[in-house]
Every structure is written in structure tokens, then in C-alpha cells.
Amino acid sequence: MAEIQFDHVTKRYGDGFEAVKDMNLEIADGEFLILVGPSGCGKSTALRMVAGLEDITDGELRIGGEVVNEKAPKDRDIAMVFQSYALYPHMTVRENMAFPLKLAGVDKGEADRRVTEAAKVLDLEQHLDRKPANLSGGQRQRVAMGRAIVRDPKAFLMDEPLSNLDAKLRVQMRAEVSRLQTSLGTTTVYVTHDQTEAMTLGDRVAVMRAGILQQVDTPKVLYERPANLFVAGFIGSPSMNFFTGHVEGDRLRLPFGDVPLADHHRKALEQEGLRGDIIVGMRPEHFEDAALIGDQESQGVTFDAPIEVTESMGSEIYAYFSYEGGEVASEELQELAADAGAADLPSSGGSQAVARLNPESDVCHGQTTRLWVDASRMHLFHPQDGHALRADGDGAPAAPSGRFAREHEREAQEREPEERPAM
Amino acid sequence: MQHTGKEKAWWAGANTLVIAFAIIPVLWILSLSLKDRSTLGDGSVIPKKWSLDNYQEIFKADEFVNAFVNSIIVALVTTAIAIVIGSMAAYALARLEFPGKRLMLGASLAIAMFPLISLVGPIFDVWRRVGLFDTRPGLIIPYLAFSLPLAIYTLSAFFREIPWDLEQAAQVDGATPMQAFRKVIIPLAAPGVFTSAILVFIFSWQEFLLAISLTSTDNARTVPAALAFFTGESQFTQPTGSIAAAAVVVTVPIVIMVLIFQRRIVAGLTAGAVKG
């Protein structure tokens with residue numbers, strides 16, 4: 001067991017493409033860290049650098065305090081679970097699991113004991129003498145886990161280990177992985193593109209985009225205090241709704257009505273010196289059917305929403321409504337939406353938003369319903385670089401390295417220098 | 001899939017035709033080799049007078065036994081070297097990116113296409129000067145030049161099929177690149193390795209042009225060349241019976257090779273390696 005440190009780690013390919021840019025991250029001993037992001041964001045590359053399967057172009061990678069940049073995978077004492085499981089098809093389950101032990105020169109009796117023990121933990125005892133071809137997907141996945149745990153390595157690396165399983169099995173295995181990690185207490189880095197997996201599994205979640213670390217924190221903080229537009233849009237399902245708002249004195253003009261600015265919002269805007277247009281984010285659950293809100297009405301605003309689609313989940317209803325004007329037309333956000341795969345979702349059309357309503361609501365598609373939104377809980381983002389605007393200032397800069405914010409500032413300045421607000 | 005009776009009959013007919021076409025010459029040779037000298041020319045498929053004289057005769061003569069030993073040594077050594085070097089080269093071609101990769105693959109193919117006959121003269125001259133003429137290495141070296149491209153091409157196709165993840169998994173599991181190659185890649189590429197081995201073995205076993213041009217004595221002469229030097233009892237008798245017997249004898253190792261390795265050439269060996 002050991003901690004893993006990324007110290008200004010960069011991966012640049014031969015053609016100049018930077019898959020991972022100046023990554024700084026410390027993963028504590030025994031921690032379960034999730035690397036999450038859309039495909040192509042560099043999360044797998046980061047993981048493979050830890051494994052030693054990718055060279056590190058710049059910076060230092062330390063495992064247990066020791067710089068491992070130049071070490072071969074076999075000398076790093078880490079175990080990896082591949083997305084494809086990568087089981088050796090010519091070996092039985094037992095031989096597969098014993099393979100790392102055999103290579104490490106563990107004697108036969110000890111190896112047998114450890115394989116049997118791991119098989120018991122993973123419920124594979126009756127399959128030990130079968131070949132991987134004769135196993136189901138879930139069993140193969142467990143064998144891959146078994147091969148990792150028999151060795152008691154310094155760290156587990158998992159590269160989307162559950163993405164090949166069907167939905168139901170994935171939920172089961174998710175719990176299994178979590179249980180295993182807790183009982184073994186081994187440092188684990190887990191790569192996924194599925195934000196649900198990220199939110200449910202990790203001690204901390206690191207969100208990546210285009211090779212840059214956006215925010216690293218507990219799932220709760222990521223959800224409640226996203227550092228920038230990207231994290232806000234990526235974490236949460238259905239994802240956050242974004243609108244363009246216009247600040248006028250103490251009020252914020254939104255496409256569907258004016259809302260009073262809460263104290264903390266006003267303070268944040270004052271600190272940034274921002275007036276005029278800003279980006280406003282609202283989580284679906286902060287909307288409610290106006291008929292069901294009781295005495296909270298004063299915190300927000302009620303408006304008439306033409307409901308286009310409803311999805312009843314039993315415990316809640318998702319209502320998609322359209323609105324006029326105030327679409328967030330920022331190029332960055334569109335790219336962000338496409339990045340997160342949200343481009344295919346109706347809510348990302350710019351003029352459609354989703355609300356999560358109490359199942360008691362009698363909302364119906366094709367009708368206009370009076371909705372209420374809790375204005376005190378909305379998120380404000382900088383219109384140019386997308387960092388979160390917060391009174392305590394820890395929304396900015398966007399990425400820990402600050403490069404995300406800087407780059408976008410630079411772009412913004414090049415585009416419209418005269419409109420650049422003073423910061 | 002269900003076949004109608006008509007389809008089955010059609011296939012049975014077609015199969016019989018193909019098999020007969022291939023097997024009749026073999027049967028004819030077998031029949032000739034088992035005939036007594038007096039009935040050699042009678043034209044019947046089933047010998048009227050059975051005899052093993054032809055076989056006894058060829059094994060009594062040093063000419064054939066020496067040639068047989070030469071053939072076995074030359075073919076086995078060529079196969080072994082071609083497979084070892086070929087699998088490493090094929091692996092590099094399948095897995096690594098290096099400048100000139102395409103050129104190398106193309107060049108190796110071009111070499112395999114080169115007409116042997118145009119090389120016989122130059123090789124003959126060179127071999128005589130360097131002292132490789134009429135030696136076993138003198139045959140093994142040109143055979144390698146022609147069989148390596150074949151082996152590399154077959155093997156790299158097989159290596160490309162093996163998921164890269166497996167090798168990386170082996171490395172993370174603590175294997176050196178060589179161990180990963182030996183314990184994971186080679187066992188998985190076994191069908192390819194055996195297929196190439198058979199092809200190379202057959203190529204060097206039956207090669208005639210170089211064998212007859214680059215040898216002059218029993219020292220290195222292989223069976224195909226030796227057959228041409230068979231003589232009858234006297235200068236007036238044809239050595240038909242002995243040639244037929246020798247031809248049958250040299251077919252046996254090939255048949256054995258194929259039967260042994262055929263069991264290893266099973267498709268779907270990699271099934272279940274990755275999500276299937």
C-alpha cells in the first residue's frame with residue numbers, strides 16, 4: 001500500500017497532442033480515487049502512466065514516495081483491472097489468478113492458498129478449473145479482480161472495469177468493488193466515464209477534461225460546489241440546466257422571470273465586479289410544481305412552463321419544458337455539452353430545461369404548468385471562462401492548476417478585449 | 001443450417017471430385033511402389049503381385065538413406081530457425097511502430113516472390129567460392145531466405161489478432177517483455193506458429209531446384225534431388241518402382257507433421273480472452 005503523487009505530469013504524443021496537461025494530484029494511502037471525464041479526456045492515459053504502460057513526457061510520478069517514471073510496469077508492484085479484463089484464454093481461472101504469483105516467485109503452496117482465499121472472497125471457488133471462455137461476463141470480471149487482489153499490491157488501477165457488464169450486474173459489481181476496496185484498504189485509482197459510478201464509489205472524484213484536471217473533491221462537494229461550468233454540467237443526472245441571466249441591480253433577469261439575488265450571490269458578483277450577462281445553473285431538483293411548494297415561494301420565482309415531455313420514474317417526475325430566449329449560446333458550453341455526451345439529450349438544445357418534480361404533481365405533457373424554482377440555490381458562472389462565482393471565492397480559478405481558467409481568459413481577451421470585465 | 005437432400009447430394013459429389021482429383025496420383029504412386037517388377041507396367045490400380053522389394057531396395061542403398069537424413073536435417077533446421085526468427089520479427093512488425101516498417105514488410109514479400117531459377121546461378125558461384133557448395137548449410141541458408149517472409153507474414157497476421165491488453169496485463173502482473181512474449185503471446189499464437197511451421201517444413205522438404213543445383217554428392221543431397229539420381233538394376237531397366245517407393249516414404253513425414261499439428265491448429269483459441 002502506498003500513496004500516489006502526480007507532480008506536474010504531462011503526456012505528449014509524438015504528434016504534439018497533449019493527452020494529460022500538467023497534472024498535479026495526490027492520492028492518499030488507502031484512498032479510493034475516481035478519475036472521471038468524457039472519452040478522450042486523458043483519464044485512461046493518466047491511469048496507464050501510473051501502470052507504466054505509457055511513458056511520462058514531463059513531471060514526476062511517485063508511488064510510495066519513490067519516483068517511478070523510468071520503472072517498468074513489473075517493477076512498480078501495482079495491479080490493474082482492464083476494461084476488457086485481459087484474462088489469459090489459455091489458462092484456467094486458477095492459473096490466471098496464480099500467474100502474477102508465479103512470476104513473483106511465490107512458492108506453490110503459498111500461491112495456492114492465496115488463490116483459494118481470493119476465489120472464496122469473489123465466489124469463484126467452483127470455477128477455478130474452468131477456462132475464461134466458459135465463464136459469464138460477470139465471472140470474468142471477478143477473475144480479473146481476483147488476479148489483481150491475490151498479489152496484495154501497492155495499488156489497484158481499474159480502467160472502466162464495469163463498462164462491459166449489463167446494467168443490473170454493473171450495479172451489483174459496483175457494490176462489490178466498493179466492499180472489496182474497503183476491506184482490503186488498498187489505494188485504488190478507478191477510471192470511469194460514468195458519473196454515477198464516480199459519485200457512488202469514490203472517496204474523492206477527480207474530474208478531467210481535455211487533459212486538464214478540473215476539480216478534485218468528495219462527490220458531495222463536486223455536486224454542491226462545482227468549480228466551473230464543466231463540472232457542474234458533467235456531475236449530476238439529469239444534468240444541470242444552464243440559462244443566460246442578466247444582472248440588473250438586486251435582481252437577476254432569467255428567461256422565465258426575474259428573481260431576487262440572494263446575499264451570497266450578490267456578494268460573489270460584487271467581488272468579481274460583474275454586471276450584465278452571466279451564466280446561471282439550476283439543478284433539476286431545485287424546480288418544483290408551484291402547487292406543492294407550501295410557504296417557500298418567496299425564496300424563488302414561479303412561472304408558467306410549457307411542458308413538452310414528462311418521464312415518470314415513480315419516485316419522481318422529470319418534466320422537460322421549453323423557454324424563450326436566454327439560451328446559453330456560449331461556444332464553450334456547447335463544446336462542453338458535446339464533451340459530456342449531453343449533446344444528444346433534449347435538455348441541451350439550449351431552449352429546453354428539465355425539472356425534477358414531486359410525483360404527486362399532476363404535470364402533464366403538452367400542457368402549461370406553473371413551476372417554481374428555488375433561486376437561492378442556483379449556481380452562477382462567469383460568462384467568459386465559466387468558473388463558478390462564489391462569495392468565498394473558492395469557485396475560481398476553475399482548475400486547480402488554473403490553466404483552464406487562464407486559457408479561456410486568454411481566448412476571451414483575444415476575442416473581445418474591450419468588453420473584458422475588470423477582475 | 002438445414003440442407004435439403006439435393007444440396008447434400010451436390011456437396012457430396014463436389015467433395016468426392018475434389019478429393020479424387022488430389023488423391024488419385026498418390027494412390028497410383030502407392031500402387032506402383034507395391035507392385036512386383038514384372039507387373040509394373042500392367043496399368044491396373046490394384047497390384048496383381050504384391051511385393052515390398054522396392055522398399056527393401058531403397059533402404060539398402062546408401063544413396064536414399066543419406067538423402068533422407070539430409071532432408072530431415074535441412075527441413076527441421078530451416079523450420080526451427082525460421083520460426084524463432086520469424087516469430088520475433090512478426091511480433092515486432094505487428095506491435096511496434098518503427099520507420100521503414102512497411103518497406104520491410106513489402107521487401108520481405110518481394111523476396112518471397114522472386115523466381116528461384118534466376119538465383120540459382122549466382123548462388124552456385126558464390127557457394128563454390130565460400131565453400132558452402134554441397135553442404136547442408138548451403139541449402140538451409142537460401143531456404144531460410146525464402147521461407148522467412150512466408151513465416152513472418154503468416155505469424156504477424158496471427159499476432160495482430162491477439163489483444164494488446166493481454167500483453168500489458170502480463171507486464172503489469174510482473175512479467176518482463178520476454179516472459180510476456182513466451183508465456184502469453186506465443187501460446188496464444190500457437191495455431192499460427194504451427195501453421196507457419198508446417199508451411200516452412202513442406203517448402204524445404206519438397207524443394208528441388210536449389211537442391212539439385214547446389215549439391216553434388218550424398219553429402220547434402222536431399223530426397224527430391226536424390227530421386228533424380230536413382231538408377232535401375234541395369235542401364236536398361238527403369239527405376240520406376242524405387243522412385244515410387246521413395247516418393248511414398250518421403251510423403252510419410254509430411255503426413256505425420258500435418259496430423260500432429262492439425263490438432264493444435266484449432267480456431268477460437270483466443271475466445272474468452274476479452275469480452276466476447
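The values are calculated or read from the model by the stated rules, or taken from the named source; none is laboratory data. Just so it is clear, the model here is predicted, and its values are computed rather than measured. Neighbour counts are summed over all protein chains in view; Cβ atoms, including those assigned to glycine, are modelled from backbone coordinates with ideal geometry.
Within the option set A:Gly105, A:Gly59, A:Gly52, A:Gly65, being crowded, with 21+ Cβ neighbours inside 10 Å and at positive phi holds for one residue only, A:Gly52.
Sort out which residues of the stretch B:101-118 are under 15 Å from B:Ala145 (Cα atoms) and part of a helix (DSSP H, G or I), and write them in order of number. Explain how you work it out, then say what you get.
Keep residues of the stretch B:101-118 that are under 15 Å from B:Ala145 (Cα atoms), which gives B:104-118.
Result: B:Met104, B:Leu105, B:Gly106, B:Ala107, B:Ser108, B:Leu109, B:Ala110, B:Ile111, B:Ala112, B:Met113, B:Ile117, B:Ser118.
So that you can scan it fast, the table gives a plain yes or no per residue for (1) at negative phi; (2) modelled with pLDDT of 85 or more; (3) touching a His at 6+ places or on another chain (Cβ under 6 Å):
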{"position": "B:Val45", "(1), (2), (3)": "yes, no, no"}
{"position": "B:Lys48", "(1), (2), (3)": "yes, no, no"}
{"position": "B:Val84", "(1), (2), (3)": "yes, yes, no"}
{"position": "B:Leu103", "(1), (2), (3)": "yes, yes, no"}
{"position": "B:Gly131", "(1), (2), (3)": "no, yes, no"}
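Across the stretch B:153-185, the number of residues qualifying as more than 7 Å from chain A (Cβ to nearest Cβ), of a type in the set (A, V, I, L, M) and in a helix (DSSP H, G or I) comes to 6.
Residue by residue, here is whether (1) surrounded by fewer than 20 Cβ atoms within 10 Å (Cβ to Cβ); (2) modelled with pLDDT of 90 or more; (3) on the phi > 0 side of the Ramachandran plot holds:
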| site | (1), (2), (3) |
| --- | --- |
| A:Gln126 | yes, yes, no |
| A:Gly137 | yes, no, no |
| A:Gln141 | no, yes, no |
| A:Ala144 | no, yes, no |
| A:Arg151 | no, no, no |
| A:Ala167 | yes, no, no |
| A:Thr187 | no, yes, no |
| A:Val191 | no, yes, no |
| A:Gln195 | no, no, no |
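Selection of the stretch A:31-76 for residues being part of a helix (DSSP H, G or I) and within 13 Å of another protein chain (Cβ to nearest Cβ) yields A:Ser44, A:Leu47, A:Arg48, A:Met49, A:Val50, A:Ala51, A:Pro73, A:Lys74, A:Asp75. Within the option set A:Ala46, A:Ala28, being touching a residue at least 40 places away in the same chain (Cβ under 8 Å), within 21 Å of A:Ala72 (Cβ to Cβ) and of a type in the set (Gly, Ala, Ser) holds for one residue only, A:Ala46. In the set (1) surrounded by 15 or more Cβ atoms within 10 Å (Cβ to Cβ); (2) not in a helix (DSSP H, G or I); (3) not aliphatic (A, V, I, L, M), the condition left unmet by B:Asn66 is number (2). For the stretch A:78-92, residues that are surrounded by fewer than 22 Cβ atoms within 10 Å (Cβ to Cβ) and more than 7 Å from chain B (Cβ to nearest Cβ) total 3.
Sort out which residues of the stretch B:87-127 are of a type in the set (D, E, K, R) and exposed (fewer than 14 other Cβ atoms within 10 Å of the Cβ), and write them in order of number.
If the condition is that a residue be of a type in the set (D, E, K, R) and exposed (fewer than 14 other Cβ atoms within 10 Å of the Cβ), then B:Glu97, B:Lys101, B:Arg102, B:Asp125 are the ones that fit.
Checking each residue in the stretch B:19-47 for being surrounded by fewer than 10 Cβ atoms within 10 Å (Cβ to Cβ), of a type in the set (A, V, I, L, M) and assigned to a helix (DSSP H, G or I) picks out only B:Ala22.
Hey, does the stretch B:119-131 have a residue that's in a loop (DSSP other than H, G, I, E, B) and more than 11 Å from chain A (Cβ to nearest Cβ)? For the stretch B:119-131, residues in a loop (DSSP other than H, G, I, E, B) and more than 11 Å from chain A (Cβ to nearest Cβ): present.
Within the stretch A:146-171, the set of residues being within 10 Å of another protein chain (Cβ to nearest Cβ), within 15 Å of A:Pro73 (Cβ to Cβ) and either within 21 Å of the chain's Cα centre (by Cα) or not in a helix (DSSP H, G or I) (or both) comprises A:Arg151, A:Pro153, A:Leu157, A:Asp159. Only one entry in A:Ala206, A:Ala232, A:Ala268 is modelled with pLDDT of 90 or more, among the small types (Gly, Ala, Ser) and either touching a strand residue (DSSP E or B) at 6+ places or on another chain (Cβ under 7 Å) or assigned to a loop (DSSP other than H, G, I, E, B) (or both), namely A:Ala206. Does at least one position in the stretch B:138-159 carry a residue that is touching a Leu at 6+ places or on another chain (Cβ under 9 Å) and free of Cβ contacts under 8 Å to residues at least 24 places away in the same chain? The answer is yes; a qualifying residue exists. For residues that are within 31 Å of the chain's Cα centre (by Cα) and more than 12 Å from chain B (Cβ to nearest Cβ), scanning just the stretch A:121-145, find the one that is farthest from A:Thr186 (Cα to Cα). Applying the filter and picking the extreme gives A:Asp123. Does the stretch A:105-115 contain at least one residue that is within 8 Å of another protein chain (Cβ to nearest Cβ) and either touching a residue at least 12 places away in the same chain (Cβ under 8 Å) or not in a loop (DSSP other than H, G, I, E, B) (or both)? Checked against the condition, which is being within 8 Å of another protein chain (Cβ to nearest Cβ) and either touching a residue at least 12 places away in the same chain (Cβ under 8 Å) or not in a loop (DSSP other than H, G, I, E, B) (or both), the stretch A:105-115 yields no hits at all. For the stretch B:55-106, the set of residues classified as touching a Lys or Arg at 6+ places or on another chain (Cβ under 9 Å) and among the β-branched types (Val, Ile, Thr) consists of B:Ile73, B:Val74, B:Val77, listed by residue number.
Would you confirm, using the coordinates I've provided, whether B:Ala211 is within 23 Å of the chain's Cα centre (by Cα), of a type outside the set (Phe, Trp, Tyr), surrounded by fewer than 23 Cβ atoms within 10 Å (Cβ to Cβ) and away from chain A (no Cβ under 14 Å)? Let's see the steps before the verdict.
Values: within 23 Å of the chain's Cα centre (by Cα): yes; of a type outside the set (Phe, Trp, Tyr): yes; surrounded by fewer than 23 Cβ atoms within 10 Å (Cβ to Cβ): no; away from chain A (no Cβ under 14 Å): yes.
Answer is no for this residue.
If I filter the stretch A:172-182 for residues that are part of a strand (DSSP E or B) and farther than 17 Å from A:Gln83 by Cβ, do I get at least one hit? Scanning the stretch A:172-182, I find no residue that is part of a strand (DSSP E or B) and farther than 17 Å from A:Gln83 by Cβ, so the answer is no.
Restricting attention to the stretch B:87-120, the residues that are within 20 Å of B:Ala189 (Cα to Cα) and touching a Phe, Trp or Tyr at 6+ places or on another chain (Cβ under 9 Å) total 9. Taking the criterion of being among the aromatic types (Phe, Trp, Tyr) and either buried (at least 21 other Cβ atoms within 10 Å of the Cβ) or within 14 Å of chain A (Cβ to nearest Cβ) (or both), the only residue of the stretch B:132-145 that qualifies is B:Tyr143.
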